[in-house]
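Structure first, then comments.
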Amino acid sequence: MRFSHLTLALLGTLAIAPTAFAQDAFSTETSTGKRFAVVGGVALAEPTENTWIGDSQRLELDGSNAATLSASWYINDNIAIEAWGAASKFGHRVNAANGKAGSVDSQPYAISGQYHFRDADALVRPFVGLGYYEQNFDDESVTSSGALAGQRLGVETAKGAMATAGVDVKLSPTWFARADLRYLNGDSDLYLDGQTVGEAKLNPVVVGVGLGARF
């Protein structure tokens, strides 16, 4: 269901934006040589691995939606340095074998290098990237009657490598629609009552759509 919402958001952008920016699209302006870009959008983060506490108790985190924002500096028309992050927090439900055990919020941010294929004025421009991310966790809470009841849950900041693949669809020399997928690889310690009890292995995939401007 969440992936359907993201797909509808992208299709809506592609349907509406060409009309909204028609005057810009038929100007003599070019995208070549523009060095900065900003993208605002929405993304879905889905863990690809489970969270484990020790060897006996297993927890799983649900996926969640959040707003995202990125800013890029283009060294040339093909190579860019991007700063990306969640503008709002992903809210995750923590599940145990017998149901909901608590909740936790997360907010990732990253910096990466990207290579954008094809010319700057191409209608469709795929890109790939590799960088470093950190994902902060806060607002950890447990349910009063769940598997973690009466304990204090803590999740350390996750750090590691981030791989990106995506595509930009040109709407005008300034505006473009974007769809991307990011894989965040990194573990963090898990705490109960201040004591380390295992590792949180999430390694989420973040699928996003957005609208960007290049200038």
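The values are calculated or read from the model by the stated rules, or taken from the named source; none is laboratory data. Treat the numbers as computed from the prediction; the structure is a model and nothing was measured. Neighbour counts are summed over all protein chains in view; Cβ atoms, including those assigned to glycine, are modelled from backbone coordinates with ideal geometry.
General observations
- Among the residues of segment 187-214, those that are over 20 Å from N65 (Cα atoms) and either out of contact with any Asp or Glu (no Cβ under 8 Å at 6 or more places or on another chain) or not hydroxyl-bearing (S, T, Y) (or both) comprise D187, D189, L190, L192, D193, G194, Q195, V197, G198, E199, A213, R214.
- Checking G194 against (1) on the phi > 0 side of the Ramachandran plot; (2) within 23 Å of the chain's Cα centre (by Cα), the condition it does not meet: (2)
- Qualifying residue in segment 123-134 (condition: over 19 Å from the mean Cα position of the chain (by Cα) and not basic (K, R)): yes
- Among the conditions (1) under 20 Å from T174 (Cβ atoms); (2) free of Cβ contacts under 8 Å to residues at least 60 places away in the same chain; (3) exposed (fewer than 15 other Cβ atoms within 10 Å of the Cβ); (4) not hydrophobic (A, V, I, L, M, F, W, C), G99 misses just one, which is (1).
- Screening segment 162-199 for residues that are at pLDDT 95 or above and of a type in the set (F, W, Y) and picking the one that is surrounded by the fewest Cβ atoms within 10 Å (Cβ to Cβ) gives Y183.
- The one condition from (1) modelled with pLDDT under 95; (2) more than 15 Å from A200 (Cβ to Cβ); (3) surrounded by fewer than 16 Cβ atoms within 10 Å (Cβ to Cβ) that V128 does not meet is (1).
- Within segment 135-161, residues that are in contact (Cβ under 8 Å) with a residue 40 or more places away in the chain and surrounded by 13 or more Cβ atoms within 10 Å (Cβ to Cβ) sit with their Cβ atoms under 6 Å from residues that are charged (D, E, K, R) and part of a loop (DSSP other than H, G, I, E, B), at 6+ positions apart or across chains, in these pairs: Q151/D193; R152/D193.
- When residues in segment 200-214 are screened for being polar (S, T, N, Q) and either part of a strand (DSSP E or B) or buried (at least 20 other Cβ atoms within 10 Å of the Cβ) (or both), 0 of them pass.
- Residue in segment 60-67 that is within 19 Å of V38 (Cα to Cα) and buried (at least 21 other Cβ atoms within 10 Å of the Cβ) present: yes
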